[in-house]
Structure formats: structure tokens, C-alpha cells
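This report refers to the structure that appears directly beneath it.
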Amino acid sequence: MNRIKTEDWVFSETNQMRSYYKYYPNNKLFSKRDSSYSKITNPNQYVEFLTEYYYDNKDSIKEIRNLGRVSCEKDFKLRGKAKFEYLKK
């Protein structure tokens, strides 16, 4: 498969990020996780973002969930979501 699994981003010596991708068995994107690293620590700084994609029976996106975690949290919390409804013709 020719799918992206990880990407590394280096913005400066103190700011770096890595993106991880997960796929369903049918090669549809399931989630993208961005983990950041900064030598300057702030307990309310976002350190990880997780975007999850959900599909309907016709392989169209029906929902995208955005989750996030700050330095002082251990678990991801829902930060926003978008639901898609398609018009029938």
C-alpha cells in the first residue's frame, strides 16, 4: 500500500511535530494524530490533536470529530465535531 503512516515536522530546535495516520481495512482514513514537542512547557499548551473520520454505507464522510489533549491531561477530550448530511436527488 502506498499510504502515509507518519510525517515529521521540524519548525525549530524547540518546536517539533509528528503526524500519525491510521486507516480502515478498506484503505479509508480513520484518524490523524498530531503530537507536538516543545522544550518550553506550559500545562495548558495543546500537545496532541486527534481527528477521527466516520463514513456511511456509501463511503461518504458522515462525521469528523476533533479531539485534543493539553499537557496537564492524560485523555483526549472532544473539542468539536462536524456532521454531514447529503441531499437526496
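What is the gain in length, in nm to one decimal, between Ser31 and Glu63 on full extension, counting 0.36 nm per residue of separation less the C-alpha to C-alpha distance?
Values: separation 32, 0.36 × 32 = 11.52 nm, distance 1.19 nm.
Gain on extension, Ser31 to Glu63, equals 10.3 nm.
Here r is the Cβ-Cβ distance between Ile40 and Lys5 and R0 is 35 Å; the resulting FRET efficiency, rounded to 0.05, is 0.75.
I need the calculated FRET efficiency for the pair Glu73 and Thr14, taking r as the beta carbon distance and R₀ as 25 Å, to the nearest 0.05. Efficiency, from the Cβ-Cβ distance: 0.70.
Short to long, the 10 Å bins of the Cα pair-distance histogram for the chain hold 15, 38, 31, 14, 3, 0 percent of all pairs.
Here Phe11 sits with roughly 130 square angstrom of accessible surface, probe radius 1.4 Å. Could you check how much of the accessible area of the chain is carbon and sulfur, as a whole percent, using a 1.4 Å probe? Here carbon and sulfur together make up 50 percent of the probe-accessible area. Among the GluC sites (Glu not before Pro) found in segment 28-89, those both in a DSSP coil and sparsely packed, with 15 or fewer other Cβ atoms within 10 Å of their Cβ, are Glu73, Glu85.
Using a 1.4 Å probe, what is the accessible area per residue for the chain, in Å²?
Values: 7210 Å² over 89 residues.
About 81 Å² of surface per residue is accessible.
Taking a straight line from the alpha carbon of Lys81, these lysines sit under 21 Å away, with near neighbours fewer than eight places off in the same chain left out: Lys22, Lys28, Lys32, Lys58, Lys62.
Considering only Lys74, Lys32, Lys58, the Gaussian network model of the chain with Cα springs below 10 Å gives its largest mean-square fluctuation to Lys58. Normalising the average separation of contacting C-alpha pairs (under 8 angstrom, six or more residues apart) by the number of residues puts the relative contact order of segment 3-89 at 18 percent.
The values are calculated or read from the model by the stated rules, or taken from the named source; none is laboratory data. If you're wondering where the values come from, they're calculated on a predicted model, not measured in any experiment. Glycine also receives a Cβ, built like all others from the backbone with ideal geometry; neighbour counts cover every protein chain displayed. When the accessible area is computed, the model is the full protein with side chains, heavy atoms only, and any ligands, DNA or RNA have been set aside. Shrake-Rupley method; radii C 1.70, N 1.55, O 1.52, S 1.80 Å.
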